[in-house]
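One structure below.
Derivation of every value follows stated rules applied to the coordinates shown; laboratory data play no part. Every value quoted in this text rests on a predicted model; they were computed, and no experiment measured them. Here the Cβ positions follow ideal geometry from the backbone for every residue, glycine too, while neighbour counts run over all protein chains shown.
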Amino acid sequence: MIIEPIHENHFIDVLMSDPYAKWSYEECQALFAYYDDLSEDIGKDITLDRVEIRSLWDSVKDLKE
């Protein structure tokens with residue numbers, strides 16, 4: 001398998017172009033930071049899968065939530 005590193009801008013573009021999700025830019029940034037940190041913590045690469053992310057996370061109206 002060939003794995004290509006994904007930069008924050010590409011990650012955000014992929015999530016925001018998902019027609020079935022309504023992410024804000026800030027939510028996409030937070031998700032990128034989460035998955036980037038998680039990848040470092042577990043020592044494994046994580047595959048970008050917008051369907052899985054959409055299934056695991058909900059958009060919030062207030063970032064304090």
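The table for this structure:
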{"quantity": "Within the chain, helix-based [θ] at 222 nm, where runs of 4 or more DSSP H residues each add -39,500 (n - 2.57), nearest 500", "calculated": "-16000 deg cm²/dmol"}
{"quantity": "Among L15, L48, L38: highest mean-square fluctuation, GNM of the chain, C-alpha pairs under 10 Å", "calculated": "L38"}
{"quantity": "Residues of the stretch 19-59 with amide N under 18 Å of the 7 Å Cα→Cβ point at E4", "calculated": "45-51"}
{"quantity": "Most mobile of S24, S39, S55 in a GNM of the chain (Cα contacts under 10 Å)", "calculated": "S55"}
{"quantity": "Nitroxide proxy distance, nm - points 7 Å out along Cα→Cβ at Q29 and L48", "calculated": "1.8"}
{"quantity": "Percent of Cα pairs exceeding the 15 Å cut-off, where the set is the stretch 8-56", "calculated": "40"}
